[in-house]
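The structure appears below as structure tokens.
The values are calculated or read from the model by the stated rules, or taken from the named source; none is laboratory data. Just so we're clear, the structure is a prediction, and the values are computed from it rather than from any experiment. FYI the Cβ positions are ideal-geometry reconstructions off the backbone, even for glycines, and counts take in every protein chain you see. The protein model used for the area step is the full one, side chains on, heavy atoms only, and it has no ligands, DNA or RNA in it. Shrake-Rupley method; radii C 1.70, N 1.55, O 1.52, S 1.80 Å.
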Amino acid sequence: AGTGALANKTGGSNWGGAWDGGANDINAAGLSYASSGTLSVIGGKAMLKDSVSNFRNLAATYSSGTYWVSFLAKSSAPGVNWGGVALFDGANERLFVGQRYGQSQWGLERNGTGVTSTVNTGSVAFLVARITLQAGNDAVHLWVNPSLSGTPSDASGLLFGNLGDFSFNRIRAMHGLGGGQTLELDELRFGQS
């Protein structure tokens, strides 16, 4: 909530500390989303600047189980470079959710490969990813602009499977869209449902 620097903000629950010192800002006018209901939103949105990242620790290191990450986002430059949210294990990126490099649609990426939706990044979108950490290959489903009336079906999302085993313990918000361009990010959530 509020305006000014994202650094040191501690809003929300079940996080492992505040956002670190990256020089991204919060704008008072947040994003919104409605589809068979209206997403509950509070506070402003983050305005992610070119090549500036912010990290926030999660409450634990997650290596097994099912977890959900969701957020609202909008790119000022569809098809130019990249921007979004990534899950990290220490200093190592494990999964990226957002506008993949050079793409105009939202998608997922791990180790240079990924899947891409058909939804353009130039409009506000609600991205929901379900991460299944299991023995053998982990898997991720991505839904872009799902209905808020219930849990989306697997068939209505993108499946990104055969990912090997990975774990994560922090989240990064960042973009590399080029000078003067921004990625708007709001309502970042992480949970088990």
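Consider residue 138 against the criteria (1) closer than 25 Å to residue 36 by Cα; (2) of a type outside the set (Lys, Arg); (3) touching a residue at least 12 places away in the same chain (Cβ under 8 Å): it satisfies all of them except one. Which criterion is unmet?
(1)
For residues that are over 22 Å from residue 151 (Cα atoms) and of a type in the set (Phe, Trp, Tyr), scanning just segment 11-61, find the one that is most open to solvent (accessible area, probe 1.4 Å).
Among them, the one singled out is 15.
Considering only segment 71-127, how many residues are charged (D, E, K, R), in contact with a Leu (Cβ under 8 Å, 6 or more places away or on another chain) and over 16 Å from residue 181 (Cα atoms)?
So the answer is 4.
Considering only segment 46-53, I want to know if a residue exists there that is of a type in the set (S, T, N, Q) and at pLDDT below 95.
yes
If we scan segment 147-160, do we find a residue that is over 17 Å from the mean Cα position of the chain (by Cα), farther than 24 Å from residue 37 by Cβ and small (Gly, Ala, Ser)?
Scanning segment 147-160 turns up no residue that is over 17 Å from the mean Cα position of the chain (by Cα), farther than 24 Å from residue 37 by Cβ and small (Gly, Ala, Ser).
If you take just the strands (runs of 3 or more DSSP E) that sit entirely in segment 84-176, which of them hold at least 3 residues that are of a type outside the set (Phe, Trp, Tyr) and open to solvent by less than 40 Å² (accessible area, probe 1.4 Å)?
92-99, 105-110, 113-120, 125-133, 139-144, 168-175
Read through the list (1) closer than 16 Å to residue 171 by Cβ; (2) basic (Lys, Arg); (3) in contact with an Asp or Glu (Cβ under 8 Å, 6 or more places away or on another chain), then give the number of the only condition that residue 49 fails.
Looking at each condition in turn, residue 49 falls short on (1).
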